[in-house]
Amino acid sequence: MKRGIKKIRPSLERLIYRFKTSTDGGAVVEMGLLLPVLILLFVAGLVAQDAIRMAYLNNKAVYTVSDMVSREDELIDGAYFEGLHSVYRYLIDERYPTNLRITTIECTADCTDEETRVLEVCWSETTAGLAGLSTEEIDDYNDTTPLFAQGDTLLVTEAFLDYSPLIDNPLLPSQTYDAIAYTRPRIIGQVKFDTGAFDGDGNKILRDCFNNG
């Protein structure tokens, strides 16, 4: 029995050596091993690139929309706002659900001190399904809101994009990309919102700021 084992062992060693040093069919085997990995890396790269692209487009689009509103020198209304949302969707990708919110805020006290200044919401318009900002909620934006003079107004434009990756995967789940832009009105002191309603004297009911006529 021991002699048989001794005879088999050199044979196995020779077979293993031959397998290690043989080049027959090497390219086919390597391709079979590497091709699935290469395909996986390629697909992962496409998914990641699309996610980065959409986040970038969302940031660019919100600044474009904010700049458009800041250049207005007349009243804006619901139809104008819906048009802005259409522009925003055109700038990104209409495949994804989106929301837009535009808020005008005013600093009413201690405007040179970021810690103690008082910010108030003049008006806030949103797409359907999204709530407007209140004066209480604007305090949460204090860290990112730039300093501006008392009595001045600032446009706060927010865009929300519900992104779903091209291929479902555990590493990149569906998420909402949000972007925000702060812009001062460029032509007039504040941008006012026309509600489309009239008071008892036939005057338009506007949403505007408290201390800036």
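None of the figures in this text is laboratory data; all of them are computed from the coordinates on show. These numbers come from a predicted model, not from an experiment. Neighbour counts run over all protein chains shown; Cβ positions are idealised from the backbone, glycine included.
Based on Cα atoms of the range 87-144, Rg over Rh with Rh as the Kirkwood radius reads 1.10.
Mind checking the angle between helix 26-70 and the chain's longest principal axis? C-alpha axes, 0 to 90 degrees, to the nearest 10. Around 10 degrees separate the two axes.
Rank by packing, highest mean first: peptides 41-47, 57-63, with packing defined as the count of other Cβ atoms within 10 Å averaged across residues.
Values: 41-47: 12.4, 57-63: 18.6.
Taking the mean over residues of other Cβ atoms within 10 Å, the ranking is 57-63, 41-47.
Take the Cβ atoms of ASP162 and PHE42, set R0 to 35 Å, and the FRET efficiency comes out at 0.85. The calculated 222 nm mean residue ellipticity attributable to helices in the chain amounts to -13500 deg cm²/dmol, summing -39500 (n - 2.57) over DSSP H runs of n ≥ 4 and dividing by all residues. Protection proxy ranking, highest mean first, for peptides 151-160, 175-184, 106-115, 196-205: 151-160, 175-184, 106-115, 196-205, where packing is the per-residue count of other beta-carbon atoms within 10 Å, averaged.
Each principal axis of the chain carries a Cα extent, and these read 115, 37, 28 Å when sorted largest first.
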